[in-house]
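Student: I have a structure I would like to understand better, so I am pasting it below and will then ask my questions one at a time.
The values are calculated or read from the model by the stated rules, or taken from the named source; none is laboratory data. A quick note: this is a predicted structure, and the numbers were derived from the prediction, not measured. In this analysis, Cβ positions are derived from the backbone assuming ideal geometry, glycine residues included, and neighbour counts consider all displayed protein chains. Side chains are part of the model used for accessible areas, which takes the heavy atoms of the whole protein and leaves out ligands, DNA and RNA. Shrake-Rupley method; radii C 1.70, N 1.55, O 1.52, S 1.80 Å.
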Amino acid sequence: GVMKERTAGHSGPVFGAYVEHDLESEGSFSGSRFIAQHAGKPDKVSVICCDSNIFWAAEGDIIKEPPTVRMDLSKRGGPTSYSAEFGSGKLTWPDGKVWVKSTSALPKLG
């Protein structure tokens, strides 16, 4: 495919907290996703996720146009390049999963 320009210095809308509503569980962090930019490496990100109260992390990068997160899931038995485009306040993954940008990183506590 065509290489897309990486974000040098991009601090755009992709970074922050997300919720995967299908995995959300009241009173827990399940379904929470966080995308954080690396200090000194603006095109590199860490992705932290919580599934069934088990946290896991993946490294990745950001592509500027269209805004895209690309993760390396090889340490979890997945592909080395798994990408989702950001649009309308959400990331949509190839398997149909949707991460909705959250205004709060806190779970709903009973």
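Student: Between 26, 85, which is in contact with a strand residue (DSSP E or B) (Cβ under 7 Å, 6 or more places away or on another chain) and open to solvent by 50 Å² or more (accessible area, probe 1.4 Å)?
Tutor: Answer to the check: 85.
Residue-by-condition table, conditions (1) polar (S, T, N, Q); (2) in contact with a helix residue (DSSP H, G or I) (Cβ under 9 Å, 6 or more places away or on another chain):
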position	(1), (2)
30	yes, yes
47	no, no
64	no, no
94	no, no
97	no, yes
102	yes, no
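Student: Among the residues of the stretch 47-67, write down those that are within 20 Å of residue 85 (Cα to Cα), open to solvent by 40 Å² or more (accessible area, probe 1.4 Å) and either hydroxyl-bearing (Ser, Thr, Tyr) or in a strand (DSSP E or B) (or both).
Tutor: Matches in the stretch 47-67: 48, 57, 59.
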